[in-house]
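A quick write-up on the structure given underneath.
Just so you know, all these numbers are worked out from the coordinates, no wet-lab data involved. Worth saying up front: this structure is predicted, and the values here are computed from it rather than measured. Counting neighbours? That spans all protein chains shown, and the Cβs are built from the backbone with ideal geometry, glycine included.
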Amino acid sequence: MISNKSNIEISWNFPYASSEVKGMAYKLPGSEEWTIVEGVTGTKGKLPITLPEEEGNYDEFYIMIADSQALTDNFDNPEKVRRNVMEVMLDYLAVGLNPNKITFFVQSEVNALTELTYYYMNLVTLPRVLRNPTVKSEINSKNFKESIPVGFATYPISQAADITAFKATTVPVGEDQEPMIEQTREIVRKFNSVYGDTLVEPQILLPDNKACLRLPGTDGKAKMSKSLGNCIYLSDSADVVKEKVRGMYTDPDHIKVSDPGKVEGNTVFTYLDAFCTDEDFAQFLPEYNNLDELKEHYMRGGLGDVKVKKFLTEVINKELEPIRNRRHEYEKNIPEVYHILQEGTKKAYAVAEETLNEVKASMKINYFDDAELIKHQAEKYSEQ
């Protein structure tokens, strides 16, 4: 990790250079851009540089497994939720999230979240919650019609509790969660205006890559969904990924290889936008230099879906292989994974309780902790 505004020295040594080096460029770890330095000469030397502000320099990270929320539309199947707690945790660890730096916790084990949700309900009207476009979309996709569980409809409020309990400043989410974060911000502003500055107003963090804002399901639907069966899972084997990609939605008018094809709304190309790099072309499809060339060929005709899907399969499996391997390692020690989750939950419980106490103090409902209240009322009644 790069420290903020830290000074370092780049050393260079070209003993076999036929002439003096003039000018230099350097690239920071994790960056794709080269910075050109003018006025550098010689075949060896040192160059002091000042690194830019570090991005993502946060004090604490909290990641929640939302089992309580899952119960709102799985209330009749708690065993499903119970099983998936470990599945989700294994996925988090498999993608490389470091338990030494991140606090993982189970939502239902942090009681303060439920109490905060209850208080926040007084700050939001029912029509405002039901107008939330994400809630409306989920209600339609789950075909609730008039039988909407209250717990599901109030999801934006419980999410506000999940966020504010840890005084989160930044929430990384997909594009579909923007209305939820805005709802949280509204609740924070309303609470602070009524009771005084207590809660922190969070900011949303969206992916820079537009294709990653909201990755569609393999069938071209707006969102991946387990119930729709249009997901590629982190734990899927290479063969399963191959089969899922083979069945992915493409351009329905691209019937023959010679037909010009559309890339907009073509799920295969959306996934390529999200995952492929120029290096992938060099490794798996060397007749093209980059995705732009592949798209251009597809749009003018002469490129079949089978070839594009084969390339996407290679790209996704390359991305998933180290994830699958890490997952298998963690699967060998499930008790340790539960221990990580339990320790994180203990920490989250304490932090959320502290926020809850601050909220109750601001609302003046901390009766037994308010010595001034007790003193005042004792004096009041002693005078009678």
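The GluC sites (Glu not before Pro) of region 346-384 meeting both criteria, a DSSP state outside H, G, I, E and B (loop) and at most 11 other C-beta atoms within 10 angstrom of the site's C-beta, are E383. Around the amide H of V110, modelled in the peptide plane, lies no amide H under 5 Å away from a residue 5 or more places distant or on another chain. Each residue, E79 and A350, gets one label point 7 Å from its Cα in the Cβ direction; the gap between the two is 3.7 nm.
Measuring against 19 Å, Cα to Cα, the residue pairs K142/K221; K80/K136; K167/K190; K262/K309; K244/K332 contain K80/K136; K244/K332 as the ones spanning a longer distance.
The alpha carbon centroids of region 177-202 and region 326-360 are separated by 25 Å.
3J(HN,Hα) along region 328-345: 4, 5, 5, 4, 6, 9, 4, x, 5, 5, 4, 5, 4, 5, 5, 5, x, 5 Hz, from the Karplus curve 6.51 cos²θ - 1.76 cosθ + 1.60 with θ = phi - 60°, whole Hz, x for Gly and Pro.
Database remark: amide H of K223 closer than 5 angstrom to the amide H of G217 (H placed geometrically; neighbours at sequence offset of 5 or more, or on other chains; Pro and chain starts carry no H).
The string of couplings for region 158-170 from the Karplus curve (6.51, -1.76, 1.60, θ = phi - 60°) is 5, 5, 4, 5, 4, 7, 6, 4, 10, 6, 5, 8, 9 Hz, one whole number per residue in order, with x for Gly and Pro. In loop segments of region 291-372 as defined by DSSP, the trypsin sites (Lys or Arg not before Pro) with at most 14 further C-beta atoms inside 10 Å of their C-beta are K332, K364. Close amide-amide hydrogen proximity is noted between F61 and T103, each under 5 Å apart and 5 or more residues distant or on a separate chain (H modeled in the peptide plane; Pro and chain starts excluded).
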